[in-house]
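To start, the structure under review is shown below, and the notes come after it.
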Amino acid sequence: NAGVMQNPRHLVRRRGQEARLRCSPMKGHSHVYWYRQLPEEGLKFMVYLQKENIIDESGMPKERFSAEFPKEGPSILRIQQVVRGDSAAYFCASSPTRAGEKLFFGSGTQLSVL
Amino acid sequence: QQQVKQSPQSLIVQKGGIPIINCAYENTAFDYFPWYQQFPGKGPALLIAIRPDVSEKKEGRFTISFNKSAKQFSLHIMDSQPGDSATYFCAARGQGGSEKLVFGKGTKLTVNP
């Protein structure tokens, strides 16, 4: 039973490029959360999605960031026109229920913006 | 505004010691308080969790103590081992449909042999 799979593990982008981060939740999980972690900081909530729906995007910047969780395929976090301040570790977590308990995290994508 | 304050930032103990990590929260609507353990290069993993109607919960060597009136909770690791060296995060979840977790800034624990 594979865990939460994130790819790529490391992503290097130049300023102005697009970054696309993928997350495949655990089998049977239809709830996906994205968190961002900066060095020496805790995880900051970005967005919560269910299949084909964004439930809560209150932590996601209004511009340049978007997320989706289609009926088929992984959840995607997209960052357009990246800036150096976007450099961080991005973690995806999945849960079998809406309650947000028992979150299972992936190993993250480390985004570096040059 | 940080809603969950965690201390200390780092902690070093000898093998067999009992490290204690503390967290304080402000929002009385929080209804679920988990602790996560994170090793370098890995995602956080759920360690243990508690609800505010319970004052203490034990799972193996890990214990959460919860003080609802003081809005504080802490993690105790009994008989700590070098393999426990990791970063520990406390978190809290809002009720009423807000499922997102609010995390503390983390405590880097080092257990020396």
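The values are calculated or read from the model by the stated rules, or taken from the named source; none is laboratory data. None of these values were measured; they are calculated from a predicted model. FYI the Cβ positions are ideal-geometry reconstructions off the backbone, even for glycines, and counts take in every protein chain you see. For accessibility, only protein heavy atoms count, side chains too; no ligands or nucleic acids. Shrake-Rupley method; radii C 1.70, N 1.55, O 1.52, S 1.80 Å.
Check residue B:79 against each of (1) in contact with a His (Cβ under 9 Å, 6 or more places away or on another chain); (2) open to solvent by 10 Å² or more (accessible area, probe 1.4 Å); (3) at pLDDT 95 or above and name the one condition it does not meet.
Result: residue B:79 passes all but (1).
Report the residue count in region A:80-100 for those that are within 7 Å of another protein chain (Cβ to nearest Cβ), surrounded by 16 or more Cβ atoms within 10 Å (Cβ to Cβ) and part of a loop (DSSP other than H, G, I, E, B).
1
Which of the strands (runs of 3 or more DSSP E) found entirely inside region A:38-78 contain at least 1 residues meeting this: under 18 Å from residue B:103 (Cα atoms)?
A:43-50, A:53-56
For region A:101-114: of the residues being more than 8 Å from chain B (Cβ to nearest Cβ) and under 17 Å from the mean Cα position of the chain (by Cα), which is surrounded by the fewest Cβ atoms within 10 Å (Cβ to Cβ)?
It comes out as A:112.
So is residue A:28 in contact (Cβ under 8 Å) with a residue 40 or more places away in the chain and either part of a loop (DSSP other than H, G, I, E, B) or acidic (Asp, Glu) (or both) or not?
Considered against the rule, which asks whether it is in contact (Cβ under 8 Å) with a residue 40 or more places away in the chain and either part of a loop (DSSP other than H, G, I, E, B) or acidic (Asp, Glu) (or both), residue A:28 comes out as yes.
Quick check on residue A:25: is it more than 9 Å from chain B (Cβ to nearest Cβ), under 30 Å from residue B:5 (Cα atoms), surrounded by fewer than 17 Cβ atoms within 10 Å (Cβ to Cβ) and of a type outside the set (A, V, I, L, M)?
no
Would you kindly identify the strands (runs of 3 or more DSSP E) lying entirely within region B:18-113 that contain at least 3 residues that are in contact (Cβ under 8 Å) with a residue 60 or more places away in the chain and within 15 Å of residue A:102 (Cα to Cα)?
So the answer is B:30-38, B:86-94, B:101-103.
Which one is farthest from residue B:40 (Cα to Cα), of the residues in region B:82-106 that are surrounded by 16 or more Cβ atoms within 10 Å (Cβ to Cβ), more than 10 Å from every other protein chain (Cβ to nearest Cβ) and not acidic (Asp, Glu)?
B:92
Looking at region A:1-20, which of its residues are surrounded by fewer than 14 Cβ atoms within 10 Å (Cβ to Cβ), charged (D, E, K, R) and farther than 20 Å from residue A:68 by Cα?
A:14, A:15
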